[in-house]
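Let me begin by presenting the structure, written as C-alpha cells, before commenting on it.
Nothing in this text is a laboratory measurement; each read-out follows from the coordinates by a stated rule. Everything numeric here is computed off the predicted structure, so don't read it as measured data. Reconstructed Cβ throughout: ideal geometry from the backbone, glycine too, with neighbour counts over all protein chains shown.
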Amino acid sequence: MSAVILTVSLYIAEGMLAAAIFCVGIRAWRGPRAQDRVLALDTINVNVMLLFVTLGIRTGTVFFFEAALVIAVVGFVTTVALAKFLMRGEVIE
C-alpha cells in the first residue's frame with residue numbers, strides 16, 4: 001500500500017513541477033524587465049532540479065541525483081553571474 005501511495009504522490013509532484021515550469025516559462029518569456037527574467041530562469045532551474053530528484057526517487061537510479069547536483073551548481077553560478085552582470089554591466093572586472 002505504501003508503494004502505491006509513493007508512486008501516486010511522485011506522479012502528482014512531477015505533474016505539479018511540470019506545471020510550475022510552464023507557468024514560470026511564461027513569466028520568463030513575458031517578463032517586462034531583465035530582473036524578472038533572471039528570477040524566472042532561477043526558478044525554472046530549481047524546479048528542473050526537483051523534477052530530476054523526483055525522477056530519481058521513482059526510478060531508483062543514481063544518474064538523476066547526480067544530474068540534479070550538476071544542475072544545482074551550474075544554476076547557482078549562472079544566477080550569480082547574471083545578477084552581477086545586471087548590477088555592474090560586466091561579469092569579469
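Put a dot 7 Å past the Cα of LEU86, heading toward its Cβ, do the same for VAL73, and the two dots end up 2.5 nm apart. Site pair ILE12 and ARG33 shows an inter-label distance of 3.7 nm when each label is modelled 7 Å from Cα along Cα→Cβ.
Projecting the Cα atoms of VAL24, ILE57, ILE92 onto the charge dipole of the chain (Cβ charges, centred on the Cα centre) puts VAL24 farthest toward the positive pole. The convex hull built on the alpha-carbon positions of the chain has an orientation-averaged projected area of 6.7 nm².
Rounded to the nearest 20, the size of the Cβ-charge dipole of the stretch 3-92 about its Cα centre is 280 debye, with Lys and Arg at +1 and Asp and Glu at -1.
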